[in-house]
1. Among the residues of the range 266-279 satisfying the criterion of being within 12 Å of ligand 2 (Cβ to nearest atom) and assigned to a helix (DSSP H, G or I), which is least open to solvent (accessible area, probe 1.4 Å)?
2. Here is a list of conditions, (1) farther than 14 Å from V256 by Cβ; (2) outside any strand (DSSP E or B); (3) not charged (D, E, K, R), and V325 meets all of them except one; can you say which number that is?
3. Name every residue in the range 129-167 that is β-branched (V, I, T) and without any contact (Cβ under 8 Å) to a residue 60 or more places away in the chain, in order of residue number.
4. Could you tell me which of the residues V373, V363 is within 14 Å of ligand 1 (Cβ to nearest atom) and aliphatic (A, V, I, L, M)?
5. Out of P35, P82, P30, report the one residue that is out of contact with any strand residue (DSSP E or B) (no Cβ under 9 Å at 6 or more places or on another chain), crowded, with 19+ Cβ neighbours inside 10 Å and either assigned by TED's automatic domain parsing to the domain that holds A116 or among the acidic types (D, E) (or both).
6. Only one of A285, A310 is part of a helix (DSSP H, G or I), touching a Lys or Arg at 6+ places or on another chain (Cβ under 7 Å) and not polar (S, T, N, Q). Can you tell me which?
7. Among (1) in contact with a helix residue (DSSP H, G or I) (Cβ under 8 Å, 6 or more places away or on another chain); (2) in the same structural domain as S328 (by TED's automatic domain parsing), there is one condition A170 misses while meeting the rest; what is its number?
8. What number goes with the only condition from (1) more than 16 Å from ligand 1 (Cβ to nearest atom); (2) more than 24 Å from F262 (Cβ to Cβ); (3) part of a helix (DSSP H, G or I); (4) out of contact with any Phe, Trp or Tyr (no Cβ under 6 Å at 6 or more places or on another chain) that E416 does not pass?
Amino acid sequence: MDFRNQVLALGALAKADADALLVVLTGTKPPQGLPRPIAGAIDAAVHHGDLALKASRTLYAGRVAGVKAPRVMFAVAGDESPRAVKAALVPALNALKGLGARHLAVALVGASGPTAAHAEALATAAGDAAYLYRHTKPSAGPAPRLSKITLLSDAKAAPDVTLGLRRGAAIVEGVTMARELANRPGNHCTPTHLAEQAQELARSADLKVDVLGRKEIEKLGMGSFLAVAQGSEEPPRFIVLRYQGAAAHDAPVVLVGKGITFDSGGISIKPAAEMDEMKFDMGGAASVLGTMRAVVRLKAKVNLVGLIAACENLPSGRSVKPGDVVTSLSGQTIEILNTDAEGRLILCDALTYAERLKPKAVVDIATLTGACVIALGHHRSGMFSPEEELAQQLLAAGDAALDPCWRMPLDAEYDEVLKSHFADMANVGPRAGGAITAAMFLKRFTGKLRWAHLDIAGTGWRSGANKGATGRPVGLLTHFVLAQAQNH
Ligand code: BES
Ligand code: MN
Ligand code: ZN
């Protein structure tokens with residue numbers, strides 16, 4: 001997808017040179033300053049009841065006499081915020097992508113903008129609309145023809161628009177990569193496949209990559225990670241991706257991704273219904289790869305390391321069993337009471353590994369708990385951090401990217417339930433507060449790290465009619481990493 005910026009006064013909209021023109025009306029009053037044919041079409045549509053000036057309404061007007069673009073569409077945003085504009089763009093772009101247009105021009109009317117955030121919202125909405133999963137379904141047909149989008153603005157807004165489109169285009173690349181990998185089924189997207197994807201990204205983007213196999217993971221002493229991996233014939237992979245955008249001595253930001261390519265639950269096996277969705281249990285890992293892609297594309301002046309622990313969680317004669325005790329890389333022992341709480345078991349060793357990188361911040365990303373879905377639903381990711389500043393930075397990054405999160409508590413009282421008679425800790429507590437106790441478990445492995453945890457169980461993919469990965473939280477993470485680059 002190609003994003004451009006063009007200076008064109010509102011009064012000249014009828015002359016916009018594109019296959020389609022999308023006019024986004026912000027606010028509930030009829031807009032001012034539009035050329036006659038467009039203003040007339042809006043007035044008529046409103047008068048005849050075809051277009052209500054209400055949030056997220058759209059109207060495809062087809063050809064409008066006096067307008068150069070052969071297809072005209074209207075969309076209404078509830079207000080001029082980037083969030084409302086994006087909510088209006090989504091249905092409009094979904095309708096437009098089914099048409100023959102290749103080049104779409106977009107104008108924002110009634111807003112004092114567009115700003116960089118509006119431009120970014122347009123880019124990410126368009127990237128989402130244009131994505132089509134074809135890897136194991138080539139019959140899904142060709143990708144939508146829509147491949148070029150021009151955001152029209154006045155001269156004053158143009159530099160901001162250029163900035164926002166550039167950032168948006170990079171996020172689209174990262175989100176698309178994350179969606180694509182997470183959508184691939186477990187028999188295609190194995191730990192080995194994830195490692196190959198990381199290697200390919202490294203080749204194309206000037207990153208350094210190390211991939212460790214079972215032997216090397218054993219040698220490191222990641223007994224907790226290996227306990228999860230041991231039930232599967234599919235070999236585990238520990239992936240280390242490095243991007244250097246700042247001086248070598250500059251402490252890196254580290255992103256840690258949960259890469260369970262299929263989570264059956266293991267011996268504590270899950271019910272059959274919807275178990276297929278556990279192929280998405282590597283969404284955290286996919287978001288790490290996608291974010292690295294976006295950050296490289298933006299040439300951010302920051303050092304960034306991605307760590308991915310990847311394996312399957314399956315029942316077999318070799319599987320770890322409830323009651324087994326394992327020794328983590330940190331030396332702490334863990335009684336595995338439930339083999340389905342496997343995410344924390346692979347992440348704890350990756351977090352301990354992160355300490356040797358002497359990072360300025362570590363963020364882990366994981367489809368960690370069903371309890372987080374109960375707590376926050378599918379809109380905001382769960383965010384946990386004992387560090388006030390880091391928490392605020394992540395909240396701000398999520399808001400800026402329209403990829404929001406919500407801070408959850410980490411009081412010491414929640415830690416009680418992890419006590420074990422036979423090891424330093426158990427890997428689960430009771431059902432109540434399950435997202436928090438999972439985070440408390442991870443916290444035991446973070447030592448002096450400036451650490452945060454994102455639980456994306458509710459936001460990483462959609463179920464039902466639109467089943468598929470969302471690519472979240474690549475937007476949030478990209479904004480966060482960019483802010484870290486500017487912060488020093
Ligand atoms: N990958 C799942 C979490 C999950 C479940 C995400 C459903 C989205 C939808 C994780 O490995 C898991 O199984 N967690 C258990 C933890 C429990 C055994 C303490 C859960 O949430 O049920
Ligand atoms: Mn599980
Ligand atoms: Zn899992």
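1. Among those residues, the one meeting the criterion is E277.
2. (2)
3. Going through the range 129-167, the residues β-branched (V, I, T) turn out to be 136, 149-150, 161-162.
Matches in the range 129-167: T136 only.
4. Values: V363 fails: within 14 Å of ligand 1 (Cβ to nearest atom).
Only one candidate qualifies: V373.
5. Details: P35 fails: crowded, with 19+ Cβ neighbours inside 10 Å; P30 fails: crowded, with 19+ Cβ neighbours inside 10 Å.
Just a single option satisfies the conditions, and that option is P82.
6. Values: A310 fails: part of a helix (DSSP H, G or I).
So the residue among A285, A310 that is part of a helix (DSSP H, G or I), touching a Lys or Arg at 6+ places or on another chain (Cβ under 7 Å) and not polar (S, T, N, Q) is A285.
7. Only one criterion is unmet by A170, namely (2).
8. (1) is the only condition that E416 fails.
The values are calculated or read from the model by the stated rules, or taken from the named source; none is laboratory data. The shown structure was predicted, so the numbers you read here are calculated from the model rather than taken from an experiment. A quick note on method: Cβ atoms are made from the backbone with ideal geometry, for glycine too, and the neighbour counts reach across all protein chains shown. To get the accessible areas, we keep the full protein, side chains included, count just its heavy atoms, and leave off ligands, DNA and RNA. Shrake-Rupley method; radii C 1.70, N 1.55, O 1.52, S 1.80 Å.
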